[in-house]
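Read-outs throughout are calculated quantities, based only on the coordinates presented, and are distinct from any laboratory measurement. All values derive from a computational prediction rather than experimental measurement. All Cβ positions, even for glycine, are placed from backbone atoms using ideal geometry, and neighbour counts span all protein chains on display.
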DNA sequence: AAATGTGAAGAGGTTCACAGCG
DNA sequence: CGCTGTGAACCTCTTCACATTT
């Protein structure tokens with residue numbers, strides 16, 4: 001039981017760390033949320049490492065968490081509830097996010113299904129496609145609209161995040177149109193580097209590139225040593 | 001015209017760089033292959049940077065390429081053809097890769113479609129699923145088989161790479177069974193850290209984690225400066 | 001005694017500046 | 001003169017060691 005008094009509950013959002021820590025914080029949030037649901041209330045940095053299968057060291061975890069403020073108690077560990085709350089604030093998981101998916105082939109569809117299953121705060125608010133066969137279909141209450149109507153759909157849907165799951169040749173144009181409609185963050189699955197002006201955040205996911213890391217090491221490092229987990 | 005004589009054509013595979021360079025080499029291969037198809041035969045490091053939308057600096061490109069050996073000519077640039085060939089060798093793109101996809105929901109399906117469309121050297125050689133509705137279907141000549149038959153299917157199909165697109169709870173078990181069948185590289189879409197013994201390469205793709213980077217910056221860095229491309 | 005929080009050391013990758021060739 | 005190739009400087013992230021607190 002942590003008996004450190006916390007009168008103010010000053011939920012000031014603080015984060016001194018760097019961008020690269022964010023996916024780790026997200027992983028902590030995931031396992032800690034689960035631990036909370038299991039009835040646990042206190043945990044140590046080593047305990048968190050255990051929940052993560054020791055993929056991250058306890059030192060790294062303490063460094064990351066200390067960037068959020070003094071949330072732990074020396075000799076005791078961390079109270080999980082305030083930790084989860086603080087992580088949610090820093091990660092922006094305390095609010096709804098409206099997502100526009102452009103390109104509703106298997107990749108767009110997969111992404112929609114994936115995030116809808118995972119986090120309730122991520123809402124698929126608009127779906128755009130070019131293929132006539134898909135237009136008019138309804139995916140979980142969201143209609144699939146033609147990509148030509150992007151401006152109309154977006155201005156009505158008010159999305160914060162755009163997911164680009166169209167062929168590389170269309171990606172730049174789609175990105176520009178999304179940004180023109182006020183979208184400030186893009187997740188890009190097309191193997192192209194987008195060129196955009198303004199306060200836009202772009203995150204590229206290169207699936208084929210990930211595969212190439214595997215093929216490289218299989219081809220090159222065939223006579224490698226032991227189990228590698230990159 | 002490069003008039004450096006190249007009598008031996010000694011295609012010795014060499015790569016002094018580090019793992020982190022591989023996705024960049026893959027990007028070089030992609031744009032250089034396209035440039036070759038357009039009839040270009042020579043290019044400078046700055047030219048490659050241009051093809052990549054200046055997402056990578058010319059210095060970085062020269063560093064990366066120099067890890068493959070002395071492929072350029074000072075004052076001239078790089079002959080594209082040998083460059084593409086050397087990149088293909090180092091990336092392992094000179095041979096076929098047989099891929100087993102476990103979990104053929106939208107994600108597995110998306111991945112299959114994605115890589116089949118992109119690189120002919122990646123062959124989907126086995127598809128495993130749990131859902132009875134999908135068993136027996138045939139995707140581009142590859143039948144969807146029940147996950148219980150994994151051992152039989154894999155021993156017949158002889159796959160080098162496994163793609164894990166099942167729920168997190170099943171991922172560890174699937175991974176172990178793939179490894180037991182001789183698969184030496186895994187691409188894991190499940191948000192779990194896999195624990196495996198032996199010479200296995202694991203690459204994790206955390207789609208929700210990528211989203212969290214966007215939500216973090218939107219929530220936190222709202223009053224940020226200019227266009228960011230992470 | 002136990003576990004956090006953190007300055008310092010270490011490791012790894014990128015950028016710089018320029019020597020070396022064509 | 002132009003462009004590659006590369007040692008050195010620089011920067012960033014991780015790991016170590018330990019002072020600090022409960």
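Miscellaneous remarks
- Residue in the range B:153-165 that is out of contact with any strand residue (DSSP E or B) (no Cβ under 6 Å at 6 or more places or on another chain), crowded, with 18+ Cβ neighbours inside 10 Å and within 30 Å of residue A:160 (Cβ to Cβ) present: yes
- Of the listed requirements (1) loosely packed, with under 13 Cβ neighbours inside 10 Å; (2) within 13 Å of DNA strand C (Cβ to nearest atom), residue A:38 misses just one: (2).
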